[in-house]
Structures are given as C-alpha cells and as structure tokens.
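Q: This is the structure I have questions about; it appears just below.
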Amino acid sequence: MRIALIGYGAMGKLVEARATAKGHAIGTVVNEYHSNLDAERLAESLRVTDVAIDFSAAETVERNVEACLAAGVPLVEGTTGWSDKFEAVERRVRDADGTFLYGANFSIGVNLYYRVVQHAAELFAGFSEYEVFIEEQHHSRKKDAPSGTARELKQIISKYTGDEIEIASTRAGNIPGTHRVGFDGSAEQILLEHSARSRECFAIGALMAAEWVEERKGFFTFADVMDDLLDRQKKRL
C-alpha cells in the first residue's frame, strides 16, 4: 500500500515508522512547504498513492478532503478541531462518492474504552444519586479543548443521562492524553481511566484504519473499523 502522509510532525513520523515496518511505502509527504497549494495542485501529488493519512491542522482539513476527492484517494482523517466543518465535509464526500474515515481518537484502547464507558453509563442511569464528570489532559501544544475524545465520551454518556456533564480540560507539558469518566456519589466514587503512554497508539490505529478503508467507498468513523474487527473476533470464538 502506498500512503500519502499529510502533515509531517510527530504523528506523521510515527505513522511513517509503523507503515514502513509493516512493508507499506510512503508515496507522498505533505508538510508546511505545501501549505500554499490549492486542492487541485495538491491532488496531483496524491494520485500516485492508494490512501492518505492526515495529521495536520484543522484549518487545512477542507482543502485536504477536496484534494483527496479529486485524486480519488481514500482519506483517513486524524486531525481534530474541525467539527464546525463536519456537515460540509460529509456532504462533499457523499456527493463525490468518495471515501473518508475519521475518528476523534485512533487509539484501539480508547475505542474499547468508549464501549466500557457506555456500559457503565447504562448501568448508572438508574441511580440518580451518582453524578457524572469527565476530565481530560493533553500536551500544551494541543489547540482544541475539550478534546474530541472528551466530547465523544460526553455524547455517549448523554444517551443515558439527562444531566449536564462537566468536562475539565488541562493542557500542560508533554502529556500524550489521559481521559477519566467518574460516577460520583455521596459515599463513593467509581473512576474509569484511559491513559496513553505515547502517541504511537494513535499511529497504530490510523494505519489499521487505512488498511481497512483502502478498498471501500463511503463516509466512515473509526468505530466502524472497530465494530467490524470485533464482529470478526466474535465469529472466531
């Protein structure tokens, strides 16, 4: 598989290392020197690849989507902070019969954590004496707050509780990412936590998503990848 890396910071380099270790090739690298290219010119560089993985900046997401659609290349979108453009991006992808896969968090562990939190929220929904809270911590370079993962957790929990859920965000140092969901009662607290040791877990998931989506058409989330893999696992058991 020939991969286009859009964004060549820490995450792009981690994806490159994982991809080459698995025998994939890097066909194109898009970095800050390509920031002035419009979608049409960027598409020219992408046509030699089979799939693109984007860990760049929120303000370039729409251009990157347009370029991948023009090149006919599936796009795995790992950038966060573009939720205000979500409807426009989805409409463009569907209208063009393109391929797009996004995730608030590409960690396999986080996506299993979502399911644990969902089950816990369902259990606690019948006990009004427990209040729910969400805490998240990230490195000081992360611009969006709260994180996309925290917003996803809030959305999951909100299906089972009508209470307003507080999200506390911290930006400091080099924290890869920590998320906590707490159910707090008058006499006890239950805390569910996921903590990333390094950003490599996001690269592993993004590459897995790229392998999954390469031959597909449509608008997907990383949850679709996880659902498919979990279904296959159940069939093997």
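The values are calculated or read from the model by the stated rules, or taken from the named source; none is laboratory data. Values in this document were obtained by computation on a predicted structure and should not be read as measured data. We place every Cβ from the backbone using ideal geometry, glycine too, and count neighbours over all the protein chains shown. Protein only, heavy atoms only, side chains kept; ligands, DNA and RNA dropped before computing areas. Shrake-Rupley method; radii C 1.70, N 1.55, O 1.52, S 1.80 Å.
Q: For segment 121-149, what are the residues that are touching a strand residue (DSSP E or B) at 6+ places or on another chain (Cβ under 7 Å), within 13 Å of Asp184 (Cβ to Cβ) and outside any strand (DSSP E or B)?
A: Phe124, Tyr130
Q: Being at pLDDT below 95 and touching a strand residue (DSSP E or B) at 6+ places or on another chain (Cβ under 9 Å) narrows it down to one of Thr99, Thr79, so name that one.
A: Working: Thr99 fails: at pLDDT below 95.
On inspection, the qualifying residue turns out to be Thr79.
Q: Also: For segment 117-130, does any single residue satisfy the condition of being crowded, with 17+ Cβ neighbours inside 10 Å and not hydrophobic (A, V, I, L, M, F, W, C)?
A: Yes: one or more hits.
Q: Hand me the list of helices (runs of 4 or more DSSP H) wholly inside segment 1-99 holding 2 or more residues that are in contact (Cβ under 8 Å) with a residue 40 or more places away in the chain and open to solvent by 20 Å² or more (accessible area, probe 1.4 Å).
A: Hits in segment 1-99: 10-21, 86-95.
Q: Output the residues belonging to segment 101-128 that are out of contact with any Asp or Glu (no Cβ under 6 Å at 6 or more places or on another chain) and among the aliphatic types (A, V, I, L, M).
A: Within segment 101-128, Leu101, Ile108, Val110, Leu112, Val116, Val117, Ala120, Ala121, Leu123, Ala125 qualify.
Q: Quick check, is Ser198 open to solvent by 60 Å² or more (accessible area, probe 1.4 Å) and out of contact with any strand residue (DSSP E or B) (no Cβ under 8 Å at 6 or more places or on another chain)?
A: no
Q: Among the listed residues Asp231, Asp163, which satisfies the condition of being open to solvent by 60 Å² or more (accessible area, probe 1.4 Å), free of Cβ contacts under 8 Å to residues at least 60 places away in the same chain, in a helix (DSSP H, G or I) and out of contact with any helix residue (DSSP H, G or I) (no Cβ under 6 Å at 6 or more places or on another chain)?
A: Asp231
Residues are listed down the side, and each one gets a yes or a no for (1) surrounded by fewer than 17 Cβ atoms within 10 Å (Cβ to Cβ); (2) of a type outside the set (Ser, Thr, Tyr); (3) not in a helix (DSSP H, G or I):
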| position | (1), (2), (3) |
| --- | --- |
| Ala104 | no, yes, yes |
| Tyr114 | no, no, no |
| Thr170 | yes, no, yes |
| Val181 | no, yes, yes |
